[in-house]
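Colleague: My questions all concern the structure below.
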């Protein structure tokens, strides 16, 4: 899938990166301003680390399969 | 702060989304449409539009193969089944899927691939002749488009219950999105989006088991909690299957092994064109064999995001979930367990991703139905019966229009179901019963050269009629369950297993008897279609660790070990 055009893996990386950044940002905001109705295990701040993991994996895919490299 | 349980009771809907959740969902819709528009220039020939150019790698074909089956209803339904029946539901992911996927990879795929068929009905035409193809194509096309509508309605209903969204809004937005990206980019676009959806489903759902196991204190403690709140039998896969009454599902191990493992799953994973179509797009024979094995490897771990959340719900949710028919005001059904667990652990952003995972699951399932319907309609019905000699360009155009029309018919079905919800049960049940006899016909065609055209046709017809008859018999007279499912204690899932087994046996028996009474095809006409008459191309001179058979062995060993651990 790399012979011509944009690789499917680039789209997946883009999706993970954007979602990761949004979730990381929302997690940080919740950390600074705790919500009125917190979810169970709020103290683990899952949004922060899960968002960070998704963003890092997504960025890795975007870099590895960026169009300028796969064409 | 309001405790979680109180908050749920106060809420008019299961969850409330924050602006960041909407941003995640809107980004998803934007991306799938962008992929469709980007790929429209690469779907100009029939091979491109209907078969994605037959250039997919094993990974892309394998993940798409799995994703087409990972629909939202599948995710929510099986999580609900895990809450209701315990870990027994895992059988549908392990013995009820993995052996069949490996059988497809190593035994059946070479024949599908060598024959260069566009579809499973197309293979039946080559092997048994036009009548078998027509029976298979018409029933598949009809049921696929109905199923698509039924799923669309069910998903819109879920969105209404979970998010409070208007049912018409959910139906039209999601179906038009699928119509646009499939009509523009054909099967390639459907496959690209299915792989994307596969990643989103995992990213959105994997947090539930991680946080759930943290909350319960690990697997051992989870088992103790489930034993206290339900029964110790809920966490054993095999030990309660020695009798019909010794497990929550009311099923005997023979039903699981022979009905589910040997017939129903074999039928679904090897002959349902919805999934097989993805593998037919592989770029070479090795990729075609590796794709189902890669799918099987991932399928083995899907219970982590489907079954485990159901079990966790059994252990930690403060309320008792019930059957859909027994839900009282303010209560929830088994099928709500996955959204309830999402709401339990996922804050802003994460909740949006979880809901996106459900929407992605729905859209991948719908795109699978629509693209398979389009191919079967265009090649096996329109070209075979209506317009044999049109140009390739004409068939591509027909494919694009069929995509749009198929989606519109699905929307119509969704509204039909809205008027009469019981249609939903009938359509879903009937669809699964077509699968078992079809498997009998295809597998005999591939492995027994004496099978004849009339044998294949009458076997398929009698097997299908017998499965519908058994289902109707139990509907009219529920006491017939003791004959069909061998026990009056059998639940609906157990009934499906035995019904599949009997209809398969009817199909095989009729095919064998009629074949022995009719004239077989000459050997020269069976080359490329039947085992023993065909030289299966080698995967090439490659190291052992790159060979499909090696990875099939690895998957088998892991499957056996997992079953022993959870015995």
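Colleague: Given a cut-off of under 8 Å on Cα pairs at least six residues apart, what relative contact order in percent is computed for region A:8-70?
Modeller: 58
Colleague: Let me know the shape class of region B:197-283, please: from the alpha-carbon gyration tensor, a ≥ b ≥ c as square roots of the eigenvalues, rounded when a/c is under 1.5, otherwise prolate if a/b is greater than b/c, or oblate.
Modeller: oblate
Colleague: Could you please rank A:64, B:157, placing first whichever residue has the fewest other Cβ atoms within 10 Å of its Cβ?
Modeller: Ordered by Cβ neighbours within 10 Å, fewest first: A:64, B:157.
Colleague: With the radius of gyration and the Kirkwood radius both derived from the Cα set of the protein assembly as shown, what is their ratio Rg to Rh?
Modeller: So for the protein assembly as shown, dividing Rg by the Kirkwood Rh gives 0.96.
Colleague: Hey, another quick one. Over the residues of chain B, compute the C-alpha Rg and express it relative to 2.2 N^0.38 Å.
Modeller: 0.94
Colleague: Could you put A:45, B:252, B:118, B:91 in order, starting from the residue whose Cβ has the fewest other Cβ atoms within 10 Å?
Modeller: Listed from fewest to most nearby Cβ atoms, that is A:45, B:118, B:252, B:91.
Colleague: Helix B:72-85 sits at what angle to the longest principal axis of chain B, using alpha carbons and giving 0 to 90 degrees rounded to 10?
Modeller: 60
Colleague: How far is helix B:492-517 tilted off the main Cα axis of chain B, in degrees rounded to 10, range 0 to 90?
Modeller: On a 0 to 90 degree scale, this one is about 10.
Colleague: How high is the FRET efficiency between residue B:535 and residue B:138 when r is their beta carbon distance and R₀ equals 41 Å, given to the nearest 0.05?
Modeller: The computed FRET efficiency comes out at 0.75.
Colleague: Spin-label point model (7 Å from Cα, Cβ direction): what's the residue B:243 to residue B:26 distance in nm?
Modeller: 6.0
Colleague: Can I ask one more? How much length is gained on full extension from residue B:228 to residue B:257, taking 0.36 nm per residue of separation minus their Cα-Cα distance?
Modeller: Using 0.36 nm per residue and subtracting the Cα-Cα distance, I get 7.5 nm.
Colleague: Here is a further query. Using 7 Å Cα-to-Cβ label points, what is the residue B:388/residue B:567 separation (nm, one decimal)?
Modeller: 6.1
Colleague: Same structure again: For a footprinting-style exposure proxy, rank B:489, B:21 by other Cβ within 10 Å, fewest first.
Modeller: Going from sparsest to densest Cβ surroundings: B:489, B:21.
Colleague: Which whole-number percent is the relative contact order of chain B (Cα, under 8 Å, 6+ apart)?
Modeller: Relative contact order for chain B comes out at 29 percent.
Colleague: How far apart, in nm, are the 7 Å Cα→Cβ label points at residue B:165 and residue A:59?
Modeller: Modelled inter-label distance: 3.1 nm.
Colleague: Per DSSP helix of 4 or more residues, -39500 (n - 2.57); summed, then divided by the residues of chain B. What does that give at 222 nm, rounded to the nearest 500?
Modeller: When only DSSP H runs of four or more count, the value is -22000 deg cm²/dmol.
Colleague: Let me ask something additional. Please work out how much length the chain gains when fully extended from residue B:44 to residue B:130, using 0.36 nm per residue of separation minus the C-alpha to C-alpha distance, in nm with one decimal.
Modeller: My answer for the length gained is 28.1 nm.
Colleague: To continue, here is another question. Could you compute the FRET efficiency for residue B:172 and residue B:328, with r as their C-beta to C-beta distance and R0 at 25 Å, rounded to 0.05?
Modeller: So the FRET efficiency works out to roughly 0.20.
Colleague: 222 nm [θ] for chain A, helices only, -39500 (n - 2.57) per DSSP H run of 4+, per residue, to 500?
Modeller: For chain A, the value works out to -22500 deg cm²/dmol.
Colleague: Is region A:8-70 best put as rounded, prolate or oblate by its Cα gyration tensor, with a ≥ b ≥ c the root eigenvalues, rounded for a/c under 1.5, and otherwise prolate when a/b is larger than b/c, oblate when not?
Modeller: prolate
Colleague: For chain B, take the longest principal axis of its alpha carbons; what is the angle in degrees between that and the long axis of helix B:285-299, to the nearest 10 within 0 to 90?
Modeller: Value to nearest ten degrees: 20.
We did not get these values from a lab; they are worked out from the coordinates using the rules stated. Computed from a prediction, not measured in an experiment: that's the story for all the values here. FYI the Cβ positions are ideal-geometry reconstructions off the backbone, even for glycines, and counts take in every protein chain you see.
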